[in-house]
Every structure is written in C-alpha cells, then in structure tokens.
C-alpha cells in the first residue's frame, strides 16, 4: 500500500482488516500523543503493531494542551529538576526531528515589586533553566531592564515593573504532532484506525490477549488479538483498567486545563508572555498564534468524565482577569473571546496531599495481574520518552514469553517525523511562492506540513480551485481538505475543521460557513450519501451553537475587572 493511501480512509479499512485477521505483537489502545509515540517506537523496532482509538486521533487531551514543547520553567519551583532536564533534552530533540511543527518561541517573564516570585528568583531560575538544558537551548536567557522590557512589550503594566527575563522554549501544533507520530508509525508498518472503541477485554486464560471493539462509524463489531495490550488512553486509563479489574485503584488525579482564544490585536503582544496570575499566583501564559492569542491555563481538580470536560464561566473570567492584570489596556471581556478549549491532564495521583499545580508531570508504567500494561501521567513534551519506556517493557515481555531477541532501541531521537526533512522553512516558503502560491498561503502550508507542503502545492497546480481559501481572508485552502482525507485519515467533518485545520478555534464564526461546502467535498471523497452529509453538518453546527451559547451566557452573567 502506498504512502498516499496507507493513512487514508482506505488505509483505515485495510488496517482493521489486518488487525481482525491475525494477532499483533503489540496492541495499543489510545490514539493520543502517548499511544502514537508507542506505536512509532515499536514499529521502528520491528514489532507488529496495531493501534485503535475510540475517537479521532488526538481528539482528547492531545489537542487541548497549551501547545508548548518546553522544559517546564515553573517545575523548578517544586524541585522537579530531573523532569526539567529530561524535558529540556526532549525539546532539543523535537526541534530537530519536527522543525515544521516545533518552533522556537521567545518568552518574556516580567518581574513586579511585591510579586509572589520576585525578580531575583526569576533571574536565578532562568540561569538554572539554561544549566539544566546544558546551555543548549535555542538561545541563552537575557535579563532586561524595566525600560527594555517596556520597549519589547509596550502594553505591559508599568506600575511595579522592575525588569524581565527573556528566555526560549518552543511552540507546537499538538494535534498535528500527534498525526505526525502516527503517520511515522504507519510508514514503519503499524496498522492504526480511529473511531474504534474497545468494548471489552479478551482474557481467554485469565490473561489479556486482545479486545472486543466496535467501529463507531459503521457499528460493526470485531475482536483484535494482541500478545501484549497497552492502555495508553490518557485521562481514560482508569476506566479501562476497571474494565480489567473493577477494584483497580486510581492511578490518576486528573486536572482541568482551560484556554481562551482572543484576537491578538486586543493584547498587542509580540512575544509569548509568562505571568503570575493575580488571582492565585500560579504561573500561566499569554501565547501568540498567528492573528490570535490564547491564554492559559487553569489547573483545577475536576471529577467530570474526559468525554464531558468543558470550560466554565469561572475559568473564562479567571483567565481574562489574569491577562488584564498584566495588560491593563486590553480590557478583555467575555465578548472578546473567540473560542475556548479544555482538556483533562492525566496526571499521576500523588501519594500525599498536593495542590493541582504540584501534582507530578512524570509518568509511570504498571501491569495488572492479568497482564494489561498501562502508561499513566507524563506530558506532551516527553511523549517520545514515554513511548520508548513502554516499548522497552513490551520487548522484554515478548522475550520472556517466546524467547525472541530483544530488539535494540529505535533511533526515534534522530529519525525525522513526516514533513520534518527540511533544512530551512523559508526556502520552502519561497519555493511555494515561485509556484504561484500567495505568500500567506505558502507560509501557512509550510508551517503546517513542512516538506510535505510540496504535495499540497502539487494538488493546487493540478487543480487551481484547490488553491482557493476555504474561508475568505484566511490562509487555509481547499487542497488541505483533500490532503486531510487522503493522507491524514480525516473521517468526519469535525476532524477537518477542528483538528486538521483549526478553523473552529480561530475563525470568529467557528468555521460555520465552511461546514456545508467542506462536507460536500468530503462526501465526494469518502462516498457519503446525502443523509450522512447532512448529519455531519448538523453535528458540527451543534458544536458551534454550544460554543456560542456558552460564551453568550458567560458574557451576560459576568463582569471582568
């Protein structure tokens, strides 16, 4: 099967046929960043691998993060030096293997008189941050005077400002990073399918040997056998463990992280901003993303199901108040919010009492009496290490079971992800422009697809209508819809408008005008009948209406100071 079809709707059907036909060495449950990293690593070591996720790839926490690949400056406050060292190393790795998706970003951390964290402490923390990165970050930090900080960010609150630290981390498209890992897994031989829910574990001799599944798109049921089954379902891991053992103790203490999106012009910032919330003193961010900014994140205990997690009005007000305290001229109010997103962090349950912000971001691998292996905890930045550690355990378990040699570790820290074999993004932008692609579109395509942007440019050259914008005034073009279906396994309208592109979050109308024409194009590509096409549009517009009603309610009920 060619690369063009192996991660398409046809590839999905072929993967399910393969998985139901013969056992695999490793069956991964969970289509988020952790499951994707496990599948990539295992396939590169030569294991036969299957992966299923009950929704779209990255549809949970993996597309609702702060979109940061960072060492975790704030973890220094809790003494998590080992985690910062590991995360700093992984930041360097990801900048190299996915330069189109993981890009350096300067952060300004202003210091204020009387703040919970005084300037001298920020100054010392930045030195330690660079030290733990072995002084191999994009750039070493700088300390700016009060005047220099204001020149860099004129909108910062002047009263009490004593200076600011300028340091570097990286920003990513979390949903697309998950896709890139999965595509790399498929190119290495893995069989993956989204919208396949595990309904039961198969334990013919008391040991987990597979799963019963239901295809959420067709309703068909099947059994998939795996010599080792790994639970990599993020905030759902405890639910799956209790499918194995109803008395299994909780591994997680999930905390809710909410972000709000506002027009970048309202804040007027150039850099990413690290700030201490005036409400509770916790570290949070104001982050640039093209012509919008997103503010986050909250970090609160929440017992809601991962399927039902949503921002609350209190979350929105908290984030807006925090941003307004640092940028008083912004005067952000609920009516300025374009969109919100919320996810549950699958954090490890602490052994002793801790605040949500203090809960460890490290990961743990456990195995039940029946052999179900579970990976819990962790963070986006360290997904590659989590995948490697799980596959180390899986390889040893397979060796113990049948005596096969333990394969050497795969070079996942050097092998570039799809789209990452590019030395200079600007050269790719100029190459696209030379082929009559408008500069904003060229830049958007290169930053989203890297070297694979050439494939989209080829589509446009063959059919110039594919170079037209999906929505007037925005850089997303129709070639991306075709690419999403044919090379990124987009199976539903929401897959395209929410995760393959981000029109739902970035367009003030949540991409509602694009829903009918995009559904029509997808119907042609996927063979939907008129009923299915209509249902897809209705489902998407229901999400849009829910988002609008939520923000209308917040605006009516709240006042932001």
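Values in this text are rule-based calculations from the coordinates and carry no lab data. Small disclaimer: the values here were computed from a predicted structure and weren't measured. Because the Cβ atoms are built from the backbone with ideal geometry, glycine has one as well, and the counts that use them run over all protein chains shown.
On the beta carbon distance between residue 123 and residue 421, with R0 = 56 Å, the FRET formula returns roughly 0.90. Using a/c under 1.5 as the rounded threshold, could you call region 463-556 rounded, prolate or oblate? The axes a ≥ b ≥ c are square roots of the C-alpha gyration tensor eigenvalues, and prolate needs a/b larger than b/c, oblate otherwise. Because a/c hits 1.5 or more and a/b fails to exceed b/c, region 463-556 counts as oblate.
One decimal place: the segment residue 245-residue 304 gains 19.1 nm when fully extended, by the rule 0.36 nm per residue minus the C-alpha distance. Computed from Cα atoms alone, the Kirkwood hydrodynamic radius reported for region 241-332 is 14.7 Å. Let me know the shape class of region 102-155, please: from the alpha-carbon gyration tensor, a ≥ b ≥ c as square roots of the eigenvalues, rounded when a/c is under 1.5, otherwise prolate if a/b is greater than b/c, or oblate. It comes out oblate by the Cα gyration axes. Averaged over residues, the count of other Cβ atoms within 10 Å places the peptides 21-32, 293-304 in the sequence 21-32, 293-304, highest first.
Remark: the residue 270-residue 548 segment gains 97.2 nm on full extension, using 0.36 nm per residue and subtracting the alpha carbon distance.
In this rough spin-label picture, where each label sits 7 Å from Cα along the Cβ direction, the residue 367-residue 397 distance is 0.6 nm. Using the Cβ-Cβ distance between residue 81 and residue 187 with R0 set to 22 Å, the FRET efficiency from 1/(1 + (r/R0)^6) comes to roughly 0.05.
Once you reduce region 226-304 and region 369-393 to the center of their Cα atoms, the two points are 19 Å from each other.
In whole angstrom, how far apart do the alpha carbon centroids of region 441-479 and region 42-106 sit? A separation of 27 Å, based on Cα centres. Note on residue 406 and residue 321: the extension gain reaches 25.2 nm, defined as 0.36 nm multiplied by sequence separation minus the Cα-Cα distance. When each of the peptides 155-165, 400-410 is scored by how many other beta carbons lie within 10 Å of its residues on average, the order from highest to lowest is 155-165, 400-410. Based on a Kirkwood Rh over C-alpha pairs, give the Stokes-Einstein translational diffusion coefficient of the chain at 4 °C and viscosity 1.567 mPa s in µm²/s. Estimated via Stokes-Einstein, D reaches 53 µm²/s.
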